[in-house]
């Protein structure tokens, strides 16, 4: 570590702290203009634009910067990077840029509760003593990888079974057999990256065609990539190994037949689910747990006479952008765009008393109380 100390079985927070990355707040630093939950592309973009425009900003991230995009080994369709860049590199650049503008970060910490307290939000953050307050809150927590829920494979998590595709694990597949499961761009990018090292890469896709969930440029490149085998209309149903992954069982969804495949690494990228269960009930979600914003929260249940702002949730002053938002495009560029655009709405909310303290809306049953 930087100071020479030896850590024995450390937590993520202890490792990050030992590297000099902030995991706690300075004394007296408890009130902010905007608190951003999540440091993926949307949260980092919001941090850059909010802090550069003079808003005192705190970004809280429960894992590491970059979110799900941070696991992408090579993003080739992001504007301005014709040769592509890794998700980790993009995230690190965004973090440094926001930090230079004065944004504060809390990494490996998680917001566990939020409530409206007069003209501010009061938030509880794990392992941070006391509440933190903010005039506005932006939810950009993204999503978490959906689990396979196959007991024998879950038991090998970290021992050949990985969620996402890190560069270090890809290098460990040199000369070995790798299996990727998933039909989105992240899975396709992972398969191509792994093919640079592995002797053989098998991409398993539930859909009958790559085109159903993957960009055309990526599916075309995969179909011509040497060393990459694609099985569509298939799924992983079992697997195992002694202490480490040695094989997986692939089922053809049409015929029901099973095939055992040698595998030294299984990289799981089968979609994701939002981390929104900690939010209060008045924050409206769709059936998948994604947050409704803007026009989707107007009408019954919206407490003010004014219409909700485009990225405002059903709780006035609480905004949501990126993958956690219902109906989002699930692309890095769109997440960055939403994170930058929402800052103008935060400014409007903070500067205009009519938006901040709008009249409660009248309903057939009388006045709807403020939340």
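Structure summary
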read-out	value
Rg to Rh quotient for the range 31-116, alpha carbon positions, Kirkwood Rh	1.01
Rounded FRET efficiency, nearest 0.05, which uses the C-beta distance separating residue 255 from residue 112 and R0 of 51 Å	0.60
Relative contact order (percent, whole number), the chain, Cα cutoff 8 Å, 6+ residue spacing	16 percent
Spacing of the two label points (7 Å from each Cα toward its C-beta) at residue 340 and residue 212, in nm	3.5 nm
For the range 293-317 versus the range 138-196, the gap between their alpha-carbon centres in whole angstrom	37 Å
Per-bin percent of Cα-Cα distances, the range 198-263 [10 Å]	20, 46, 30, 5
Globularity index of the range 236-371, i.e. its alpha-carbon radius of gyration over 2.2 N^0.38 Å	1.57
Over the chain: Rg over Rh, Cα atoms, Kirkwood Rh	1.01
Degrees separating the helix 185-194 axis from the principal Cα axis of the chain, which is the longest one	40 degrees
Pair-distance profile P(r), taking every C-alpha pair of the range 202-315, with 10 angstrom steps and integer %	11, 27, 21, 19, 16, 5, 0
The range 140-248, Cα convex hull volume normalised per residue, Å³	111 Å³
Folded to 0 to 90 degrees: helix 41-52 orientation relative to the chain principal axis, Cα	40 degrees
Equivalent ellipsoid semi-axes, the range 161-217, via Cα gyration tensor eigenvalues times 5, rooted, Å	20, 10, 10
Extended-chain gain in nm, criterion 0.36 nm per residue less alpha-carbon gap, residue 97 and residue 306	71.7 nm
C-alpha long axis of helix 332-351 to longest principal axis of the chain, angle in °	10 degrees
Footprinting exposure proxy for 193, 347 (fewest neighbouring C-beta atoms within 10 Å first)	347, 193
Difference of contour (0.36 nm per residue) and Cα-Cα distance, residue 174 to residue 79	31.1 nm
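Rule-based calculations on the coordinates, nothing more; no lab input. The structure displayed is predicted, hence computed values, not measured ones. A quick note on method: Cβ atoms are made from the backbone with ideal geometry, for glycine too, and the neighbour counts reach across all protein chains shown.
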